[in-house]
Ligand SMILES: C[S@@+](CC[C@H](N)C(=O)[O-])C[C@H]1O[C@@H](n2cnc3c(N)ncnc32)[C@H](O)[C@@H]1O
């Protein structure tokens, strides 16, 4: 039997195997290494069945899984280059921060470059917020600013007028739209990993700044910006 791979079923199997090997390698490089070096656990996923059923909007959220390290680094470098000397004016928040990996990695990159920014994390599951606080304190050596809140209810004005938001596909459009509406008076750069609802940001006036379209949904990140003085 011929195929687009130019061979029979054995060729297809070979490609399938190669893809899973690539994924195994990516998980070691992008997840296991970060935890091993820092002595914490951000890898362990939490499926939605294990979340407290009292959480409002649980039906609209995704389970917990950590970002790949190189996607966080990509977002950081794009923001730094794009914002230049204004970079430190911006606060950073991971919306749906889970076990805190993104805030920890972001803070590590700031420290390495002797840069200052206020770094926040927010998640609607209190267990994950406790994990984020524990992990951040262990790696960074001081308390992090983590909030247990629903993304639609969080007071984003505490972040100031300039905000970098990180989203690793945390929820569906029902939540994303009101979150963007709450951010409409701030200058926002959005780093969106696995950007399933990128169209929602584009239709809210965000402009694409950079994109990384890797081999796997986890390896895909877009950076978009929206300036309230020039929204369209
Ligand atoms: C795919 S995980 C991303 C974790 C983390 N940002 C990272 O990249 O490592 C999505 C997270 O979003 C959280 N989440 C989903 N819906 C939310 C909502 N409405 N408000 C706050 N957090 C939410 C989940 O609890 C989960 O921890």
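No lab work stands behind these numbers, since they all come straight from the coordinates. Bear in mind that the values here come from a model prediction, so they are computed numbers and not experimental data. Ideal geometry is used to build each Cβ from the backbone, glycine not excepted, and the neighbour counts take in all protein chains shown.
The angle between the Cα long axis of helix 9-27 and the main principal axis of the chain comes to about 30°, on a 0 to 90 degree scale. If R0 equals 22 Å, the separation of the Cβ atoms of residue 174 and residue 55 corresponds to a calculated FRET efficiency of about 0.95.
D for the chain, whole µm²/s, Stokes-Einstein with Kirkwood Rh over alpha-carbon pairs at 20 °C and 1.002 mPa s: what number?
Value of D from the Cα-based Kirkwood radius: 115 µm²/s.
In terms of its Cα atoms, region 54-188 spans 41, 34, 25 Å along the principal axes, sorted from long to short. Can you give the angle from 0 to 90° between the axis of helix 69-83 and the longest principal axis of the chain, with both taken from C-alpha atoms, to the nearest 10? For helix 69-83, the angle is close to 50 degrees. Across all directions, the average flat footprint of the convex hull enclosing the Cα atoms of region 128-185 is 4.7 nm².
Full extension of the chain between residue 46 and residue 112 yields a length gain of 20.7 nm, computed as 0.36 nm times the residue separation minus the alpha carbon distance.
On C-alpha positions alone, give me the angle between the axis of helix 126-140 and the longest principal axis of the chain, in degrees, nearest 10. The answer is roughly 90 degrees. Nearest 5 percent is fine: what portion of the DSSP beta bridges confined to region 48-226 is antiparallel? The answer is about 40 percent antiparallel. Compared with the direct C-alpha span, the chain from residue 181 to residue 142 gains 10.8 nm at full extension, assuming 0.36 nm per residue.
Let me have the 222 nm mean residue ellipticity of the chain computed from DSSP H runs of 4+ only, each contributing -39500 (n - 2.57), with the sum over all residues rounded to the nearest 500. Helix contribution divided over all residues of the chain: -11000 deg cm²/dmol. Quick one: compute the contact order of region 48-226, relative version, from alpha carbon pairs under 8 angstrom and 6+ residues apart, as a percent. So the answer I get is 21 percent. Overall, the anisotropy analysis places region 131-232 in the oblate class: the square-rooted eigenvalues a ≥ b ≥ c of its C-alpha gyration tensor yield a/c not less than 1.5, with a/b not exceeding b/c.
Radius of gyration over Kirkwood radius for region 83-141, both on Cα atoms: the Rg/Rh ratio is 1.00.
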